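Please treat every number below as a calculation from the coordinates, not as lab data. None of the values given here were measured: they were computed from a predicted structure. For neighbour counting, all protein chains shown are included, and Cβ atoms are generated from backbone atoms with ideal geometry for every residue, glycine included.
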Amino acid sequence: MGVPVARPFLGDEEMAAVAEVLRSRWVTQGPQVAAFEREFADYVGAKHACAVSSCTTALHLALRAVGVQPGDEVITVSHSFIATANSIRYCGATPVFVDIQPDTFNMDPARIEEVITERTRAILCVHQLGMPCDLKVILDIARRHSLPVVEDAACAIGSEILWGGRWEKIGKPHGDVACFSFHPRKLLTTGDGGMITTSNAEWDRQFRLWRQHGMSVPDTVRHGAREVIFESYPQLGYNYRLTDIQAAIGRVQLRRIPEVVARRRQQAQRYRDLLSDMPGLGLPAEPEWARSNWQSFCVRLPEGCDQRRVMQAMLDAGISTRRGVMCAHREPAYAQEPWSCGTGPGDCDCPPGTCARLRESERAQDRAIILPLFHEMTEAEQDAVVAALREACAA
């Protein structure tokens, strides 16, 4: 059996938690969701946490809460899973892409102010692959221009940032809203699902209404009432709920996070030690003010190494990899959907599928690969990955 790029860490405790929910007969959104929200908020240090069906739905609701509407612009990165850009389009707004820093794969704050216009409504930054982005600088810019900041923290459960001389969890949030994913590739999984954290009580109230079709009475109130309650639906909402089955798994997974993050940081350091002498290989940077959870370990290939050929050679050796993070502006969907790089795709004279202002984003997609990394990965498996990478690059 080969080495997968990722594998969720699940065991008997998760199975027992699911069995308990099934025995309760309450399997949709209910007491387990409420408990998961409280425990998640405590873990990241947030005032409010609202569970939803995915990080994509979390981003949609977050952008709606901060006031993004049709015709607006939201500054973000193209170099992210396509859900980041899609969530902006769900609001009828236009994503304005800025380039990334080549060492961290995160938004380059120096590119933000040059694309702010009278239509800019928010900044959507991404903690890419679990590495915290430069929130302090991004927030300084946002506050000067009175712009809310939404953090796409899909990959960043357990990551930390040095804030006011203290290490604090991503998701406190440090911006206005933070959004997490519980996809199986993440360190905490519920099969799928997401969480929204904020310090704004009114936004949290709105999230809870919107996730349940805009219903005027929360499910917890209706089911616990001693008198008959007739709910109403005064505004447009969505079916964005997490189930109690998922939340029960999430509660167990959340308790594992300190152990999982510690293990992942150890594994990332071992990759660094094993690969530090490989000529031309670019290793990911961790700024001194950041502690990544190392959801993924992404390396830049040496010059002259073809990405697809290297990945195929490693696959032939039983090692699964993934290419560098995608760029939304290069996807066929965004040949039709509106987007901008500050000057606009029609104004910068770039060939279709490319943009000179997003050069580092494109290089990261084309020149980087994500190596296998998961909690139960053995040293022998890591050694096999390194050996296969060395051989593939030397061929």
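Fully extending the segment from Ala201 to His223, taken as 0.36 nm per residue of separation minus the present Cα-Cα distance, adds 5.7 nm.
Placing unit charges on the Cβ atoms of the charged side chains and taking the dipole of the stretch 221-320 about its Cα centre, the candidate lying farthest along the positive direction among Leu283, Gln307, Asn293 is Asn293. Positive-end ranking of Val252, Gly194, Gln269 along the dipole of the chain, with charges on Cβ about the Cα centre, is headed by Val252. Simple point charges give the picture: +1 on the Cβ of Lys and Arg, -1 on the Cβ of Asp and Glu, and for the stretch 257-394 a dipole about the Cα centre of about 100 debye.
Taking amide hydrogens as placed 1.01 Å from N in the peptide plane, the amide H of Ile100 sits under 5 Å from those of Asp108, Glu360, Ser361, each at least 5 positions away in sequence or on another chain.
Close amide-amide hydrogen proximity is noted between Asp72 and Thr94, each under 5 Å apart and 5 or more residues distant or on a separate chain (H modeled in the peptide plane; Pro and chain starts excluded). For the chain, the dipole from Cβ point charges (+1 on Lys and Arg, -1 on Asp and Glu) about the Cα centre works out to 660 debye, to the nearest 20. Taking label points 7 Å from Cα along the Cα-to-Cβ direction, Tyr233 and Thr378 give a separation of 5.4 nm. Placing unit charges on the Cβ atoms only, positive for Lys and Arg and negative for Asp and Glu, gives the stretch 153-292 a dipole magnitude near 380 debye about its Cα centre. Label 7 Å along Cα→Cβ of Glu168; the stretch 115-151 residues with amide nitrogen under 16 Å? Answer for this model: 132-143, 149-151. Positive end of the dipole of the stretch 12-255 (Cβ unit charges, origin at the Cα centre): among Gly214, His174, Gly224, the Cα lying farthest that way belongs to Gly224.
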